[in-house]
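Peer 1: Just dropping this structure here.
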Amino acid sequence: MSLTVANTETILGRRCGGLMTAVGVTDYKDAIAWALAEMGYTVADPTLPTDAEVAAVPNSLRNRFLALAEYRLLANILGNLAAVDTKLGPRDEKLSQLADYIKDRMESLKDEYGLGSSSGYGVMTLDIAQKGDDD
């Protein structure tokens with residue numbers, strides 16, 4: 001069975017739903033579109049990936065695609081997290097611990113799936129030597 005946007009969202013919701021709720025992130029679509037683009041697939045609208053675009057991911061790359069989407073979703077969650085600890089009366093929130101957990105999960109995904117090790121972009125090396133007045 002091919003992936004669709006809906007079942008990709010279901011999988012991501014199972015993986016990150018609690019974190020999303022904690023920070024008020026409600027949309028999966030840009031994470032899905034980003035993952036597709038990172039894998040080299042064309043996405044016509046980065047805010048609205050289609051079932052056809054998601055279905056283009058072969059079963060052999062499904063886990064990598066889902067890991068990339070989860071990684072981006074975690075980055076979105078982290079970006080929306082006010083990473084400060086607060087205490088107001090009996091209420092005590094350790095949001096910095098949540099941020100640490102998210103960062104650890106992102107590192108785990110990077111290690112497990114090699115995310116970030118090769119994004120398909122080349123590396124440019126510059127061999128620049130400082131020249132003096134005599135050169």
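Peer 1: Just to be sure, is THR10 within 23 Å of GLY79 (Cα to Cα) and either at pLDDT below 95 or of a type in the set (A, V, I, L, M) (or both)? Steps first, please.
Peer 2: Numbers: within 23 Å of GLY79 (Cα to Cα): yes; either at pLDDT below 95 or of a type in the set (A, V, I, L, M) (or both): no.
Here the answer is no, as THR10 does not meet what is asked.
Peer 1: Still on this structure, I have one more. Evaluate the following for GLU93: is it at pLDDT below 95, among the acidic types (Asp, Glu) and surrounded by 11 or more Cβ atoms within 10 Å (Cβ to Cβ)?
Peer 2: Here the answer is yes, as GLU93 does meet what is asked.
Peer 1: If you don't mind, another one. Which pairs turn up if I take residues in the stretch 31-44 that are farther than 16 Å from LEU12 by Cβ and look for partners that are of a type outside the set (A, V, I, L, M, F, W, C) and in a helix (DSSP H, G or I) with beta carbon separation below 7 Å, at least 6 apart in sequence or on another chain?
Peer 2: TYR41/GLU53; VAL43/GLU53
Peer 1: Sort out which residues of the stretch 22-42 are under 17 Å from ALA75 (Cβ atoms) and more than 15 Å from the chain's Cα centre (by Cα), and write them in order of number. Break it down stepwise before answering.
Peer 2: The initial filter retains those residues of the stretch 22-42 that are under 17 Å from ALA75 (Cβ atoms), namely 22-39.
Across the stretch 22-42, the qualifying residues are ALA22, VAL23, GLY24.
Peer 1: Among residues belonging to the stretch 13-56 that are under 25 Å from ILE102 (Cβ atoms) and β-branched (Val, Ile, Thr), point out the one that is modelled with the lowest pLDDT. Give the steps one after another, and end with the answer.
Peer 2: Initial filter on the stretch 13-56 (under 25 Å from ILE102 (Cβ atoms)): 13-39, 43, 46-47, 49, 54.
Now restrict to residues that are β-branched (Val, Ile, Thr): 21, 23, 25-26, 32, 43, 47, 54.
Working: THR21: 91, VAL23: 86, VAL25: 92, THR26: 93, ILE32: 98, VAL43: 96, THR47: 94, VAL54: 98.
Within the stretch 13-56, the match that is modelled with the lowest pLDDT is VAL23.
Peer 1: Now for a different question. In the stretch 18-49, which residues are out of contact with any helix residue (DSSP H, G or I) (no Cβ under 8 Å at 6 or more places or on another chain) and among the polar types (S, T, N, Q)?
Peer 2: THR21
The values are calculated or read from the model by the stated rules, or taken from the named source; none is laboratory data. This is a predicted model, so every value here is computed, not measured. Using ideal geometry, Cβ is built from the backbone for each residue, glycine included, and neighbour counts are taken over all protein chains shown.
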